[in-house]
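The values are calculated or read from the model by the stated rules, or taken from the named source; none is laboratory data. Remember, predicted model here, so these are calculated numbers, not experimental data. Backbone-built Cβ (ideal geometry, glycine too); neighbour counts: all protein chains shown.
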Amino acid sequence: MVNSLDKSECGLGGFPLSKVSAEAELIGAIEKWSVPILFRSGEILFKLGDPPDHTYFVEAGEVLLTMPVSGGEEWTVQAEEGSILGLPAIMGNEPYSLTATVSRDSQIWRLSRENFHQLMQENPRVCCNVLQILAGEVLAARTALSKLLG
């Protein structure tokens, strides 16, 4: 049986994916290059280990991100409105490192890897915002790890 670690136990829960938000220009570009989809609670956007086919912008709703840890436990992070999911996988062309499950009916924009890369090449300001978001994710993960180990 897999249990979710309490926020106070794992040190990861309660931290945002990134304290850096998507700027209006990035959101507009995502909406231009992608399609909005209504995902129902319980639907899976991607699973740990899946190839990175899409990145996702949560316009409305919530998505639960989970990652297994030792002892059969799992860390969870709630991604809320304004979150962009799958960036590390898309940018690094590596499998997704988390599983993303819709936890409440959500309006989500799904952007293909090909369109994401085209968008990044055509707009340096958008590219900089994506890098800022990724840097924010790294900082949030390091902060959580520090609390866990500290």
Exercise. From Gly82, Gly61, Gly72, grab the single residue that is under 12 Å from the mean Cα position of the chain (by Cα) and at positive phi.
Key: Gly82
Exercise. Please give the number of the condition Glu43 fails out of (1) surrounded by fewer than 20 Cβ atoms within 10 Å (Cβ to Cβ); (2) under 22 Å from Ala141 (Cβ atoms).
Key: (2)
Quiz item: Just a yes or no: is a residue in segment 116-138 touching a Lys or Arg at 6+ places or on another chain (Cβ under 9 Å) and not in a strand (DSSP E or B)?
Solution: yes
Quiz item: Out of all the residues in segment 57-101, which are in a helix (DSSP H, G or I) and farther than 23 Å from Leu119 by Cα?
Solution: Ser70, Gly71, Gly72
Practice problem: Sort out which residues of segment 88-112 are among the charged types (D, E, K, R) and surrounded by 17 or more Cβ atoms within 10 Å (Cβ to Cβ), and write them in order of number. | Solution: Arg110
Practice problem: Pull up segment 1-38, narrow it to residues that are modelled with pLDDT under 55, in contact with a strand residue (DSSP E or B) (Cβ under 9 Å, 6 or more places away or on another chain) and part of a helix (DSSP H, G or I), then point me to the one that is surrounded by the most Cβ atoms within 10 Å (Cβ to Cβ). | Solution: Cys10
